[in-house]
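J.: Take a look at this one; I'll ask things after.
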Amino acid sequence: MVGFMGGEGVKITFIGAGSAVWSTTVIRDLLVTPSLYGCRVVLMDINEERLDLVYGFAKRYAEEVKANVVFEKTTDRREAIKDTDFVINTAMAGGHWHYERMRQVSEEYGYYRGINSVEWNYVSDYHTIWGYYQFKLMLSIARDIEELAPDAWLIQIANPVFEGTTLISRETKVKVIGLCHGHMGVYEIASVLGLNPREIEFEAIGFNHVIWLTKFKYKGEDAYPLIDEWIEKKAEKYWEKWREEQCNPFDIQMSPAAVDMYRIYGLFPVGDTVRGGTWKYHWDLKTKQYWYGPIGGPDSEIGWTMYIASLTSKLKKIKAAVSDTSKPLTEFLPPKRSHESVIPIIDSIVNDKRAVYQVNVLNKGAIPGIPDNVAVEMPAEIDSKGVHRLSFSPLPKRIMNYVMIPRLMRCEWALEAFLEGGRDLLFEWLIVDPRTKSTRQVNEVIDAILKLPGNEEIAKHFA
């Protein structure tokens, strides 16, 4: 990649480009980045209808903003990856419906919100122990990159980013960066505190969806006292109004759950971290509503239904906007960059623009106490030479012992189950679950999940 200046000759591949809500945002970001003009973009998806929709959007938007970017489309993944410079992977094997069916079956056997929901891992599309097909897809894409574009960068967007980035980094030689926008929750903290977001400095480190605010400054001064003051004097009044008006299931950054985690562990949880925790916050819907508001957070049966419905609604709006040629797409999606870091990272690598980004990469000594071969989320510098890790102070003992180590154990458990197979690993995953009442319950739920249509390959793997 070193030697590129500007986008001329650069090939960018989108795998899972049919994820229209995400893809249209990133494509717009690219088309308003002149320093990448001249690049060639290949959109790939197995769903031709969705692929055509995003391709049509990309072509029209490029014409409207007069962006010199060439778009192609294909359903052939290997063709899309061959000789590329960047692969952006947003693909979810089976789609949400497949995992919702497994969740439904799990609940029939007494496992509220599914067997995948465990301590510090309650995020609804963060599939680990039942993520066989997703891990297989991630690894096969990485294998294709090794063979067909060995110098390419893989930007891993699809969940689970923690397990996926760790798996790919261990099993292949691919240069992979996992990305998530959960750290943007810091700006919600600033907003609630009444701070100018342009004048805050922060550091949030840990695992993807388990990151902690290790530095928080405002105008150069420690801003943690401002959080403490808000909790003492304003939190109760804020929550009273919040419970009356909450309409967004993701509006939980300053929830009672977040403050409770701060009190217990000593650092404020950021973004999707608030969705995690222990069973204290997730035992049933009533418990979730106490900690996360009337919706119960994004991962309750109410919140997740709202989220899926919102995706469907956004997709319909995109279809309508692309179909209506009487109105410019720039009215639907204004020509300005989002807060996503995908395109800025590509720009930094292509044009040697050194900058700091929140990324998921192997630790390699950056965060003390975490093994080198485990992907951590942290700020890192990126330029044409790649990712340059920074050094961090150890996380507090309580966070390491009661959060990071248990979450790491679940990661290793899930990866071992994927790589080695065998029913015993599924059994051990569930026998320690507080929802488990008997070994019969464990065996019955495993049998029911493995017998689902579409899980024939999983059934063989875990035989």
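J.: Do we find a residue being surrounded by 13 or more Cβ atoms within 10 Å (Cβ to Cβ), at pLDDT 95 or above and assigned to a strand (DSSP E or B) anywhere in region 395-405?
T.: No; the residues of region 395-405 include none that is surrounded by 13 or more Cβ atoms within 10 Å (Cβ to Cβ), at pLDDT 95 or above and assigned to a strand (DSSP E or B).
J.: Hey, another quick one. Give me the residue from region 188-231 that is in contact with a strand residue (DSSP E or B) (Cβ under 6 Å, 6 or more places away or on another chain) and polar (S, T, N, Q) and, out of that set, nearest to C411 (Cα to Cα).
T.: Top of the filtered list is N208.
J.: Please verify whether I446 is at pLDDT 95 or above, part of a helix (DSSP H, G or I), in contact with a helix residue (DSSP H, G or I) (Cβ under 9 Å, 6 or more places away or on another chain) and surrounded by 14 or more Cβ atoms within 10 Å (Cβ to Cβ), treating the condition exactly as stated.
T.: Criteria met by I446.
J.: Another question, then. Using the structure shown, decide if A58 is part of a loop (DSSP other than H, G, I, E, B), crowded, with 23+ Cβ neighbours inside 10 Å and not hydroxyl-bearing (S, T, Y).
T.: no
J.: If you don't mind, there's one more thing I want to ask. Any residue that is touching a helix residue (DSSP H, G or I) at 6+ places or on another chain (Cβ under 6 Å) and crowded, with 21+ Cβ neighbours inside 10 Å - is there at least one of those in region 307-315?
T.: Looking through region 307-315, none of the residues is touching a helix residue (DSSP H, G or I) at 6+ places or on another chain (Cβ under 6 Å) and crowded, with 21+ Cβ neighbours inside 10 Å.
J.: A further question on this structure: Every residue in region 367-377 that is under 21 Å from the mean Cα position of the chain (by Cα) and either surrounded by fewer than 24 Cβ atoms within 10 Å (Cβ to Cβ) or not in a strand (DSSP E or B) (or both), please.
T.: Result: I367, I370, N373, V374.
J.: Only residues that are β-branched (V, I, T) and over 15 Å from the mean Cα position of the chain (by Cα): list them for region 90-143, please.
T.: Passing the criteria: V105, I115, V118, I129, I141.
J.: Across region 337-359, which residue is farthest from G271 (Cα to Cα) among those that are in contact with a helix residue (DSSP H, G or I) (Cβ under 8 Å, 6 or more places away or on another chain) and in a loop (DSSP other than H, G, I, E, B)?
T.: In this case the residue turns out to be K353.
J.: Filter region 26-49 down to residues that are within 18 Å of V87 (Cβ to Cβ), assigned to a helix (DSSP H, G or I) and not acidic (D, E), then give me how many there are.
T.: So the count comes out to 4.
J.: Does region 340-359 include one or more residues that are farther than 30 Å from R40 by Cα, of a type in the set (A, V, I, L, M, F, W, C) and either surrounded by 18 or more Cβ atoms within 10 Å (Cβ to Cβ) or assigned by TED's automatic domain parsing to the domain that holds V87 (or both)?
T.: The answer is no, given that none of the residues of region 340-359 is farther than 30 Å from R40 by Cα, of a type in the set (A, V, I, L, M, F, W, C) and either surrounded by 18 or more Cβ atoms within 10 Å (Cβ to Cβ) or assigned by TED's automatic domain parsing to the domain that holds V87 (or both).
J.: Which of the residues that make up region 31-88 are of a type in the set (D, E) and without any contact (Cβ under 8 Å) to a residue 40 or more places away in the chain?
T.: Matches in region 31-88: E48, E49, D52, E63, E72, D76, E79.
J.: Restricted to region 418-443, and to residues that are among the aliphatic types (A, V, I, L, M) and surrounded by 12 or more Cβ atoms within 10 Å (Cβ to Cβ), which residue is nearest to the chain's Cα centre (by Cα)?
T.: Selected residue: L419.
J.: A further question on this structure: Of a type in the set (V, I, T) and more than 25 Å from the chain's Cα centre (by Cα): which single residue out of V10, V87 fits that description?
T.: Step by step, each of V10, V87 is checked, and only V10 is of a type in the set (V, I, T) and more than 25 Å from the chain's Cα centre (by Cα).
J.: For the structure I just gave you, tell me whether L415 is surrounded by 14 or more Cβ atoms within 10 Å (Cβ to Cβ), under 22 Å from T166 (Cα atoms) and modelled with pLDDT under 95.
T.: Judged against the criteria, L415 is not a match.
J.: Listed residues R389, R398, R440, R423; which is free of Cβ contacts under 8 Å to residues at least 60 places away in the same chain and under 25 Å from G206 (Cα atoms)?
T.: Exactly one residue qualifies, and that residue is R389.
The values are calculated or read from the model by the stated rules, or taken from the named source; none is laboratory data. What you see is a predicted model, and the numbers here were worked out from it, not measured in a lab. Every residue, glycine as well, gets a Cβ built from its backbone with ideal geometry; the counts of neighbours run over all protein chains shown.
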